[in-house]
Each structure stands twice: as structure tokens, then as C-alpha cells.
Amino acid sequence: KPQSVSEIDVKLFANDFLQLIKFIKYKKLNLVGHSTGGIIAAIMLATDQKLFNKVLLIDPIGATGFRLSVEQMFAFTVMKYNKPMTAASIGSVIYGSSARDDFFNNVIVEDAFKSVEEGRLLFNHLSTLNVADTLNKINNEILVIHGEQDKFLPITDSIKLSALFKNGKFMAVP
């Protein structure tokens, strides 16, 4: 668990992963990142391109971050004390999820409920993020895909992100 707000930073997360990759001496990896992991993967790539080959970003956070509405941020306050609210919020952004599914309730909701405060702090951080200037120097092949059923992250952010990369391509997935 983060010990302070300053530890919730996608650039620090990217650096942690890079240190691990260098420690285990992997080279020319294919990199995949989803949602927040997508922008973390892009930052990793911008930091050390020679470690990676091809990259796939799936419904990533955009280069200029992501902002929740005041109502959505307030929901994090409620979710911290209300597991059914957490289940409803998480269920609303996972396509095809079911409140009757044991895995959804016993794993996904439980994990989300335990990390609501960290999620709120992460969204605060993402609201001020702007890494566009560092990403346009990347030469690797990057495919950004975005599901058309994603009701949370805007597809336009993925389109803009893919356009930043010299060898970026975008594809919408039905």
C-alpha cells in the first residue's frame, strides 16, 4: 500500500516496472498495457525504447490524463464505506459483468472495495497528468485498440494517443 500520496504517480509505477525488467535482464519485450497500465506502458517505452519491441495498448488512459466528474469523485467517498455502491460502480464499467457472478463478487468487488482510497488518489493524479511531449519521440510500433463498448474511457483519447506515436496505429473493436 502506498505510504503517501506522492507514491501514487504513473511515472514512478513505470520506473518500478523498468527496474524489474532490467534486474531480470529481459530485452526486446513485447509490451501490453490496459487502462492505467496502458499509459504506464507508454511511459515505460518513452523512458527506454530499446527494451521493447512491439506494443499493444488496450483502452488506455490518454496522454493528457483522465478527469472524473465531481459526482464520480464523490462516489469514491461513498464507495469507501458502502460495498454495494462499490459493486455497482465497478459493475457499470466492466462490460458483461454480473452481480450474480461469484468471481465478480468475491474477487473483483472485494479487491475494489479494499482499494477505493488508492483509486481516488490515482484519479486525482491522473487529472493532472500530461505526458504528450514525451510520447511523440517513440519509434516503436504501437497498436492502440479501444472497445466501442467502453463506457468509461473516451475513444477519442485513444485516437489522440495513437496519433502521438511516430509508428502508432489505432483500431476500434466492436
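The values are calculated or read from the model by the stated rules, or taken from the named source; none is laboratory data. Owing to the predicted nature of the structure, the values given are computational and were not obtained by experimental measurement. Reconstructed Cβ throughout: ideal geometry from the backbone, glycine too, with neighbour counts over all protein chains shown. Quick note on the areas: whole protein, heavy atoms, side chains included, nothing else; ligands and nucleic acids left out. Shrake-Rupley method; radii C 1.70, N 1.55, O 1.52, S 1.80 Å.
Where in the chain is the longest stretch that carries no chymotrypsin sites (Phe, Trp or Tyr not before Pro) classed as loop by DSSP and with at most 15 other Cβ atoms within 10 Å?
Numbers: sites that count: Tyr26, Tyr81, Tyr95, Phe152.
In short, 96-151.
Solvent-accessible surface of the chain, taken per residue with a 1.4 Å probe and all protein chains present: 59 Å².
Whenever you get a sec, compute what percent of the accessible area on the chain sits on carbon and sulfur atoms (1.4 Å probe). Intermediate values should be presented prior to the final figure.
Numbers: 5910 of 10230 Å².
Carbon plus sulfur share of accessible area: 58 percent.
Label-to-label distance, Ser92 versus Asp133, with points set 7 angstrom from Cα along the beta-carbon direction: 3.6 nm. Sequence-distant contacts, meaning Cα pairs under 8 Å at least 6 residues apart, place the relative contact order of the stretch 61-174 at 32 percent.
Restricting attention to the stretch 38-155, the count of lysine pairs at 8 or more positions apart or across chains with alpha carbons under 18 Å apart stands at 4. If you take the Cα centroid of the stretch 97-146 and the Cα centroid of the stretch 34-50, the two points sit 13 Å apart.
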